[in-house]
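Quick notes on the structure that follows.
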Amino acid sequence: MANQGTVPVWRDVGPTPPPVTAMEESKSLIVGGGPVGLTLALDLARRGHDVTILNRFDFVAAGSKAICFSKRTLDIWARLGVAAPVLEKGVVWNLGKVFRGADPEPVYQFDMLPVKDQRMPGFINLQQYHVEEILLAALDRYPNASVRWGHEVVGIEARTDGATVEVATAAGHYVIDTEWLIACDGSRSSVRTLLGLEFQGRVFEDNFLIADIRMEGERPSERWFWFDPPFNPGRSALLHKQPDHVWRLDFQLGWDIDKEDAIRPENVEPYVRGMLGPDVAFTPEWYSIYTFQCRRMASFVHRHVVFAGDSAHLVSPFGARGCNGGVADADNLGWKLDLILQGAAPAALLASYDHEAIVAADENILQSTRSTDFLTPKTRASQALRDAVLGLAGECSFARPFVNSGRLSTAVSYADSPLNTPDDPEDNWPQGIPPGSPALDAPLPNGWLLERLGGHFVLLTLGQLEGASPPEAIAHLDLQSMCGPDDLAVSRYGLLPGSAYLIRPDQYVAGRWRRPVPADIAGALARAKGAF
């Protein structure tokens, strides 16, 4: 595996020549060619918009990056037409096990897909460079999308109606004047730095070693986590399977370490052999050290500059909430930018992105902080509590949910979103999905519910509505024409004849009614498009 500087190269692409004109104009410009920027670009391109992605590297990077992708992310990629190759290449898993000490039996195990009969699994493991290759291949099918390799943003002038961006390449500088600038350029965001914006939050006093290794042999496709194992006493460790016989091993090291010394092969090898056995044959793929951080920007929208993914928020890796949270940002932002660029919604609609993406970031930060505090207790009291929980978990079922080896990423609900139309107090919904929550998948006679919802506003009903025809701007999906009253799609939504749901383009519930009238649906649609 080659390197450019300190960054390992998965595939060399080579620099894209700069444009022939020194000044360009664009409607939307994305900075950052990782999974978040590529997901957003694919969404916008599929909706017919011209989109340019600037990537400061002229290669697809390898190394210790995201590998765990959640069901919610897979649902998003299914809507964008790339879930099939992701699933084909990835390692599917639903089961996680937590061990303590040398005991070979887990003290606790959990299922990441507790609601069965859904199209996508709870999680897949897949190296980030494979994900990027799949997204790039999908983007190649759209002539209205272009990735510029080796193009780095070195200057920004933000205005109330757009931004002027200076771009540096090996062949010279040029300028793009864009209506919308989307920063998806990671934790060291050049856009954030150039605008003088900062993170707020915590950096935890602990370090962790990632050892990606290649080895043959069969092991279960499960997440295995250890507290206080004999090969890393007093600390924690993690084992994950990836494709191509690559495994991710993660070891807690403590705070006061020599980071360069810790990743020397002769110092990593004892950890690997301690976990996997003294005679295991393996070759190193990539070793690195990371420090837990849980931080975010105060706001993700700054006039016509919008931040998504790690450029906007950072969480510790335990829980796989970083990249999954960033893909959720792209999903939230894509349809809103689409409506704004069409002139079908005001720019004020992005206030809802700021609200919802911050709600999701705060939930991810909260869960990651709790995981980190459980993994690395800082006081005798928290240490005693953790040890008591782990001691009880083997025998007492009530204690097992308190075992926190990283609460894994799940979809976040926006209960207080300004786009929600609240339930009518007179309606009775003992079952179903409330406004602000993601739609739940279910099998249909010919496919799956989420794939039928697509990426547009949809009115989901059970039979015809009394006096309320769906507006022309809304697609209509009538479950009565394809399901029986006891089918999962009907029961999961608590639908009765004549009731309805309005589903947003990102497959979140905007509103629901037992007996809607036309004004109910029209008002909810207007609200979901930013008419607060």
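The values are calculated or read from the model by the stated rules, or taken from the named source; none is laboratory data. All values derive from a computational prediction rather than experimental measurement. All Cβ positions, glycine included, derive from the backbone under ideal geometry; neighbour counts span all protein chains shown.
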Can you name the residue in the stretch 210-244 that is buried (at least 19 other Cβ atoms within 10 Å of the Cβ) and among the small types (Gly, Ala, Ser) and, of all such residues, is nearest to Tyr129 (Cα to Cα)? Ala211
Give the residues of the stretch 349-377 that are more than 29 Å from Ala510 (Cβ to Cβ) and without any contact (Cβ under 8 Å) to a residue 60 or more places away in the chain, sorted by residue number. Arg370, Ser371, Asp373, Phe374, Pro377
Name the pairs whose Cβ atoms lie under 8 Å apart, with the first residue in the stretch 44-67 and within 30 Å of Tyr287 (Cα to Cα), the second part of a loop (DSSP other than H, G, I, E, B) and among the β-branched types (Val, Ile, Thr), and 6 or more positions between them or separate chains? Asp58/Val13; Asp58/Thr16; Phe59/Val13; Val60/Val13
Which numbered condition in (1) buried (at least 16 other Cβ atoms within 10 Å of the Cβ); (2) assigned to a loop (DSSP other than H, G, I, E, B); (3) in contact with a Lys or Arg (Cβ under 8 Å, 6 or more places away or on another chain) is the only one that Gln431 fails? (1)
Consider the stretch 374-386. How many of its residues are surrounded by 18 or more Cβ atoms within 10 Å (Cβ to Cβ) and assigned to a helix (DSSP H, G or I)? 3
Give the residue that is modelled with the lowest pLDDT, with candidates limited to residues of the stretch 481-509 that are of a type in the set (A, V, I, L, M) and surrounded by fewer than 22 Cβ atoms within 10 Å (Cβ to Cβ). Met482
All but one of (1) assigned to a loop (DSSP other than H, G, I, E, B); (2) at negative phi hold for Gly319; state the number of the condition that does not hold. (2)
Pick from Ser413, Ser417, Ser409: which is part of a loop (DSSP other than H, G, I, E, B) and under 30 Å from Phe227 (Cα atoms)? Ser409
Does the stretch 326-350 hold any residues that are farther than 18 Å from Arg79 by Cβ and under 20 Å from the mean Cα position of the chain (by Cα), and which are they? Leu350
Report, by residue number, each residue of the stretch 259-296 that is in contact with a strand residue (DSSP E or B) (Cβ under 7 Å, 6 or more places away or on another chain), exposed (fewer than 14 other Cβ atoms within 10 Å of the Cβ) and basic (Lys, Arg). Lys259
Screening Asp338, Asp331 for residues that are crowded, with 17+ Cβ neighbours inside 10 Å, in contact with a Ser or Thr (Cβ under 8 Å, 6 or more places away or on another chain) and closer than 20 Å to Asp43 by Cβ leaves only Asp331
Checked Trp247, Trp286 against criteria (within 30 Å of the chain's Cα centre (by Cα), under 21 Å from Leu375 (Cβ atoms) and hydrophobic (A, V, I, L, M, F, W, C)); the one match is Trp247
Members of the stretch 139-160 found to be over 16 Å from Val13 (Cβ atoms) and in contact with a helix residue (DSSP H, G or I) (Cβ under 7 Å, 6 or more places away or on another chain), listed by number: Tyr142, Asn144, Val153, Gly155, Ile156
Would you pick out the residues in the stretch 453-480 that are assigned to a helix (DSSP H, G or I) and buried (at least 18 other Cβ atoms within 10 Å of the Cβ)? Leu453, Leu479
For the stretch 122-136, check the following and say yes or no: at least one residue is more than 21 Å from Phe57 (Cα to Cα), part of a loop (DSSP other than H, G, I, E, B), of a type in the set (Phe, Trp, Tyr) and in the same structural domain as Ala61 (by TED's automatic domain parsing). no
Would you tally the residues in the stretch 14-45 being touching a helix residue (DSSP H, G or I) at 6+ places or on another chain (Cβ under 9 Å) and either more than 23 Å from Gln127 (Cβ to Cβ) or not polar (S, T, N, Q) (or both)? 17
Tally of residues being surrounded by 12 or more Cβ atoms within 10 Å (Cβ to Cβ), assigned to a loop (DSSP other than H, G, I, E, B) and of a type in the set (S, T, N, Q) across the stretch 1-18: 1
Checking Glu198 against (1) modelled with pLDDT under 95; (2) part of a strand (DSSP E or B); (3) closer than 30 Å to Glu152 by Cα, which test does it fail? (2)
Among the residues that make up the stretch 213-224, is at least one of them in a strand (DSSP E or B) and of a type in the set (A, V, I, L, M, F, W, C)? yes
Helices (runs of 4 or more DSSP H) within the stretch 19-110 that include 3 or more residues surrounded by 22 or more Cβ atoms within 10 Å (Cβ to Cβ): 35-46, 71-79
If we keep only residues of the stretch 315-339 that are among the hydrophobic types (A, V, I, L, M, F, W, C) and out of contact with any Pro (no Cβ under 7 Å at 6 or more places or on another chain), then the residue farthest from Tyr508 (Cα to Cα) is Phe318
Residues satisfying the stated conditions in the stretch 147-164, i.e. within 19 Å of His49 (Cβ to Cβ) and surrounded by 16 or more Cβ atoms within 10 Å (Cβ to Cβ): Val147, Arg148, Gly162, Ala163
